[in-house]
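Written out below as structure tokens is the structure these notes cover.
The values are calculated or read from the model by the stated rules, or taken from the named source; none is laboratory data. Quick caveat: nothing in here was measured; it's all calculated off a predicted structure. Ideal geometry is used to build each Cβ from the backbone, glycine not excepted, and the neighbour counts take in all protein chains shown. Protein only, heavy atoms only, side chains kept; ligands, DNA and RNA dropped before computing areas. Shrake-Rupley method; radii C 1.70, N 1.55, O 1.52, S 1.80 Å.
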Amino acid sequence: MNNFTFYNPVKILFGKAQIAALTSEIPADAKVLVTYGGGSIKKNGVYDQVMAALSGRTVTEFGGIEPNPHYETLMKAVNQAKQEQVNFVLAVGGGSVIDGTKFIVAAMEYEGADAWDILAKKAPVKKAVPFGTVLTLPATGSEMNSGSVITKAETKEKFSFGSPLTFPKFSILDPETTYTLPVRQISNGIVDAYTHVLEQYLTYPVNAPLQDRMAESILLTLKEEGPKAVENPQDYDTMANFMWCATMALNGVIRVGVPTDWATHYIGHELTALHGIDHARTLAIVLPSLLRYKQETKKEKLLQYGQRVWGVDAGTEDERIEATIQATVAFFESLDIKTTLADYEVGQETVKEIVRRFEERGVKNLGEHADIQIKDVEEILTMSL
Ligand code: NZQ
Ligand code: ZN
């Protein structure tokens with residue numbers, strides 16, 4: 001096992017009626033800014049529950065944070081929050097609202113000329129306003145990690161940042177808030193969480209059987225509960241299990257002491273930036289090709305994954321690996337997530353454009369062996385056409 005440091009200070013309040021706990025989680029004298037998305041929380045009663053829990057407080061709000069949150073929108077929130085001297089932010093929504101809020105709290109305290117540098121130049125976050133979250137969409141794990149992915153609409157760039165200062169102080173996970181999710185978002189959430197696990201598991205063995213089995217247990221649970229969630233999004237137990245899987249998939253626990261890949265995410269972000277394809281769908285496009293392309297260096301873990309998660313144990317090693325990748329693709333497709341670029345009407349020009357961007361940016365050494373170069377990205381994407 002590799003050396004590691006593990007730090008995760010996020011307090012989780014999980015279950016029915018936990019939104020009421022906001023009363024005690026947010027300091028009584030705080031000036032609170034509530035951030036949210038396009039309005040789903042106003043239709044499903046979550047907004048009302050939040051406002052009831054915050055009654056008697058100094059509260060203002062900023063709505064309209066879009067999926068794949070835009071820097072341009074978030075800077076408006078930063079200006080508003082500074083003007084109102086906000087000192088606590090509450091994000092209510094999915095990964096986009098939470099990621100957007102992480103950027104808002106960092107940008108509010110940023111002293112450089114342009115807060116976009118936090119993303120484009122990895123300018124360090126030295127201070128951030130505290131924030132909490134009420135999660136309404138199980139998918140990203142953003143509720144229990146410190147990462148954030150932000151898009152600049154003007155240039156169609158999608159970059160990530162993270163800092164120990166951008167962990168939420170707390171996150172409220174009430175599975176009942178997910179009852180109104182459209183099937184498309186449930187499927188996205190399952191595939192995103194599933195791929196988070198694979199990016200931290202399908203690398204090479206370092207004799208970390210506990211991390212392996214924890215990863216496999218999340219995969220197996222998503223495989224069981226995912227289809228049930230799509231079928232019946234108002235079943236409390238199903239949504240509770242799905243929600244906790246998604247959080248556990250990216251809160252740092254399964255990553256400790258093991259190599260991680262993340263090339264699928266890095267490449268996928270370009271597809272969202274250029275074509276607006278939902279995040280999870282970009283992963284479903286890139287991952288199968290990446291696994292096929294890197295099957296030699298991922299061989300041992302691919303065989304283990306196939307055997308333990310999909311029961312693949314017949315045939316030669318090559319046959320088992322192919323059967324395992326096909327089982328993964330079939331799982332995504334069963335959730336109505338398409339897995340080729342053609343399915344999204346994206347062609348060769350986009351592959352060329354991504355190569356051009358990566359060259360300009362000097363992208364190199366992706367993946368757990370730091371051996372995926374731009375020419376490999378081109379081949380992987382070409383395999384996904
Ligand atoms: O905006 P509203 O009206 O709230 O509607 C949203 C949005 O249209 C809707 N929704 C959310 N909860 C709902 C609901 N509709 C009905 N009922 C509910 N309970 O769902 C739509 C999508 O929301 P969004 O937040 O964009 O989805 P998701 O949670 O999948 O977040 C995706 C973003 O997270 C980033 C992605 O890149 C993308 O920008 N990621 C963040 C990560 C992190 N911070 O660790 C890791 C991930 O790999 C990912 O990159
Ligand atoms: Zn993801």
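Things worth noting here:
- Surface per residue (accessible, 1.4 Å probe) for the chain, Å²: 41 Å²
- Principal-axis tilt of helix 279-293 within the chain, Cα atoms, nearest 10 degrees: 20 degrees
- Each label point was placed 7 Å from the Cα along the Cα-to-Cβ direction; for Asp235 and Leu210 their separation is 3.2 nm.
- In this label model, Lys375 and Ala17 are separated by 6.4 nm, measuring between points 7 Å along each Cα→Cβ vector.
- Met1-Ala120 pseudo-label distance in nm [points 7 Å out on the Cα-to-Cβ vector]: 4.2 nm
- Think of region 183-383 as having a plus end and a minus end, set by charges on the Cβ of Lys, Arg, Asp and Glu; of Thr260, Val351, Ile285, Thr260 sits farthest toward the positive end of this dipole.
- Dipole of the chain [Lys/Arg +1, Asp/Glu -1 at C-beta], most positive-end residue of Tyr36, Val46, Pro124: Pro124
- Acute angle (nearest 10 degrees) that the helix 374-383 long axis makes with the longest principal axis of the chain, alpha-carbon atoms: 80 degrees
- Region 344-385 versus region 162-238: alpha-carbon centroid distance in Å: 27 Å
- MRE, 222 nm, helices only [DSSP H, n ≥ 4, -39500 (n - 2.57), over the chain, to nearest 500]: -15000 deg cm²/dmol
- FRET efficiency, Glu359 to Glu72 (Cβ-Cβ, R0 30 Å, nearest 0.05): 0.70
- Local net charge near Thr260, Cβ-Cβ under 11 Å (Lys/Arg +1, Asp/Glu -1): -2
- Whole-angstrom gap from region 301-317 to region 97-156, using each part's C-alpha centre: 39 Å
- Potential extension, Trp262-Thr340 segment - 0.36 nm per residue separation minus Cα distance: 26.2 nm
- Neighbour net charge for Pro205 - beta-carbon separation under 9 angstrom, K R +1, D E -1: -1
- Across the accessible surface of the chain, with the other protein chains kept in place and a 1.4 Å probe, carbon and sulfur atoms take up 50 percent.
- Added length on full extension, which subtracts the Cα-Cα distance from 0.36 nm per residue, Gln85 to Lys223: 45.1 nm
- Normalised by the number of residues in the chain, the average gap of Cα pairs under 8 Å and 6 or more apart makes the relative contact order 15 percent.
- Per-residue extension of 0.36 nm, minus the Cα-Cα distance of Gln307 and Lys152, leaves a gain of 51.6 nm for this segment.
- Region 257-385: C-alpha gyration tensor shape, a/c 1.5 cut-off, then a/b vs b/c: oblate
- Dipole in debye (nearest 20) - region 11-177, about Cα centre, beta carbon charges: Lys, Arg +1; Asp, Glu -1: 180 debye
- Net charge contributed by nearby residues that have their C-beta within less than 12 Å of Asp318 (K/R +1, D/E -1): -1
- Using only side-chain charges placed at the Cβ, +1 for Lys and Arg and -1 for Asp and Glu, the dipole size of the chain relative to its Cα centre rounds to 940 debye.
- Between Thr328, Leu220, Leu250, the Cα set farthest toward the positive side of the dipole of region 183-383 (charges on each charged residue's Cβ, about the Cα centre) is that of Leu250.
- Cβ-placed point charges (K, R +1; D, E -1), dipole of region 183-383 about Cα centre in debye, nearest 20: 360 debye
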